[in-house]
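Report on the following structure.
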Amino acid sequence: MKIAILPGDGIGPEVTREALKVLDALALPQLTLFEGDVGGIAYKRQGHPLPAETLEMARAADAVLFGAVGDPECDTLPREHRPEQAILGLRSELGLFANLRPAAGFPGLEDLSPLKPELARGIDLLVVRELNGDVYFGDKGERDSAGGREGWDDMSYNEAEVRRIAHSAFRAAQKRRKKLTSVDKANVLETSRIWRETVIELAGEYPDVELDHMYVDNAAMQLVRSPGQFDVIVTGNLFGDILSDQASACVGSIGLLASASLGERTTEFGTFGLYEPIHGSAPDIAGQGKANPVASILSLAMLLRHSLGRDADANRIERAVAASLSSEVRGADLGGNAGTQEIGDAIVRQLQAIA
Ligand code: IPM
Ligand code: MG
C-alpha cells in the first residue's frame, strides 16, 4: 500500500503530521509513504505549485493525503503559479471528479454551531460536489469591452459529466437515508437545465432513492433554516464549493470536517482518491501549534475506508476522535486550549484504548 503525503502550506504540515501519528499507531503492514511538495512551498522550492515529480508520486500511489495550499506571499503571482492551481491540477490530472464532503454534528458540540442547538443536532448530510468541470475548468480570459477590461469564464456541463457524478451520488444515498437533493439554477442557466434533465433520466435506475431538486439560492436558505431535511446533496463544482463551506459552518468548526475526492480508477485495495481537510492553509495561525488536526485525522479515516479497504481501522479512528472530543481535549476553534500535538496525542491514546 502506497500513500503519497502532500502537506502543502500554512497549517497543512502541522495537521498532516498528527494524521501520520495516528496512521503510525495503527501499525499497518506493508505501508510505504512518499512525501512531496505542493502549493506555495513547491513554487518557492521548485518553481511550480504542482511539480511533475509530485504529480507522478500521486499517480503512482494508492491514495493521496493532502494538507492545504494557499500562501499570502503568492497572492500576486500570475494564476498559473498560484498555490490553488496545485489542488485544481491534481483533481483534473488524476480524474478525481467526485468530491464527498460529509457534514454531521458531533454530540456535545452543538453549542459551537451558529444555529440553534436543536437545528445543529439534526445535521447529518453529505455534499457530493462535481470536481472536474463547470466554470472552474471552462475557458476563461480577459478582453476589452465598452465598460473597460472584462473578465469571462465559460460554464458548462455535458451529459456524461453529469451522469458520472449523479451515479456516485445515487449510490452514496443508497448507503445512507436514501434521499438525494440535486441542486442547480435551472430557472436561469442552460448548464443547469442539462444537469437537471440528466439527473432525472438516471433516477429510474435508483427506485429506492427519493430524488428532489432545489435551486441553489433556496438550498442555501434551507441549509440554515432546516438542515436536518438533507441527506445527500449533489451539485456542480461552483455551487458545491459554496454550499459545502456553508454546511460545515452549520456544524460548528470547519476544523472538524474531512473530504474525499474520488475518480474511476480502482487499485487492488479500493478506489484511488485524494483526501483533505475542508479547511484551508490558515496562514494567520500557521506554525503556532494551534491548528485543529481533527479534519486531517478524519480525512485519513476516509482514506483508509475508500482507498485501502480498511473499514474497521476507519471506524476506530472516528470513534477515537469522538471520544477525544467528548473528553474535552479541544482546540481553540472549539473554545478549548489544547494545541495541535496535544489533540493528536489524545486521539492516539483513545485509539489504543479502543484496540
Ligand atoms: C475547496 C477550495 C478550492 C476550491 C480552492 C482552494 C481552489 O475552496 O477545496 O473547496 O475552490 O475548490
Ligand atoms: Mg472551497
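What follows is calculated from the coordinates using simple rules that are stated; it is not laboratory data. Since this is a predicted model, take the numbers as computed values, not measurements. Neighbour counts run over all protein chains shown; Cβ positions are idealised from the backbone, glycine included.
Please report the relative contact order for the range 222-355, taking Cα pairs under 8 Å with a sequence separation of at least 6, and give it as a percent rounded to a whole number. Please list the in-between numbers first.
Details: 182 pairs, mean separation 26.6, N = 134.
Normalised by residue count, the contact order of the range 222-355 is 20 percent.
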Quick one: check the C-alpha center-to-center distance for the range 201-251 versus the range 53-89, whole angstrom.
28
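Not counting the cut sites, what is the longest span of the chain without GluC sites (Glu not before Pro) that DSSP labels loop and that have at most 14 other Cβ atoms within 10 Å? Display every interim value, and only then the final one.
Working: sites that count: 205, 268, 328.
Longest stretch, sites excluded: 1-204.
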By count of other Cβ within 10 Å, fewest leading, how are 281, 327 ordered?
327, 281
When 195, 152 are ordered from fewest to most other Cβ atoms inside 10 Å of their Cβ, what list results?
152, 195
Using Cα springs under 10 Å in a Gaussian network model of the chain, which residue among 248, 299, 226 shows the largest mean-square fluctuation?
226
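Label the range 1-69 by shape, choosing from rounded, prolate and oblate, from the square roots a ≥ b ≥ c of the eigenvalues of the Cα gyration tensor; if a/c is under 1.5 it is rounded, and otherwise prolate applies when a/b is larger than b/c, oblate when it is not. Before the final figure, lay out each step's value.
Numbers: a/c = 3.26, a/b = 1.44, b/c = 2.26.
Verdict is oblate for the range 1-69.
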Which order do 306, 213 fall in if you start with the one that has the fewest other Cβ atoms within 10 Å?
213, 306
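Relative contact order for the chain: what is it in percent, counting Cα pairs under 8 Å that are at least 6 residues apart? Display every interim value, and only then the final one.
Working: 774 pairs, mean separation 76.9, N = 355.
Answer for the chain is 22 percent.
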Cα gyration tensor category, rounded, prolate or oblate, for the range 110-251 with a/c compared to 1.5:
oblate
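For the chain, what does -39500 (n - 2.57) per DSSP helix run (n ≥ 4), summed and divided by total residues, give at 222 nm, in deg cm²/dmol to the nearest 500? Let's see the in-between values first.
Details: 12 runs with 145 residues, N = 355.
About -12500 deg cm²/dmol.
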Among 223, 55, 160, whose Cα projects farthest towards the positive end of the dipole of the chain, with charges put on the beta-carbon of Lys, Arg (+1) and Asp, Glu (-1)?
223
Of the candidates 112, 256, 65, which one comes out as most mobile in a Gaussian network treatment of the chain with C-alpha springs shorter than 10 Å?
112
Which lysines does residue 21 reach when only Cα atoms under 28 Å apart count, and residues fewer than 8 places away in its own chain are ignored?
2, 44, 290
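As an exercise, identify the trypsin sites (Lys or Arg not before Pro) in the range 143-226 lying in DSSP coil whose Cβ has no more than 16 other Cβ atoms within 10 Å.
On the way: sites: 143, 149, 163, 164, 171, 175, 176, 177, 178, 179, 185, 193, 196, 225; in loops: 175, 176, 177, 178, 185.
Passing both the DSSP loop test and the Cβ count: 175, 176, 177, 178.
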Under a point spin-label approximation (7 Å from Cα along Cα-to-Cβ), what is the residue 30-residue 229 distance to one decimal in nm?
5.0
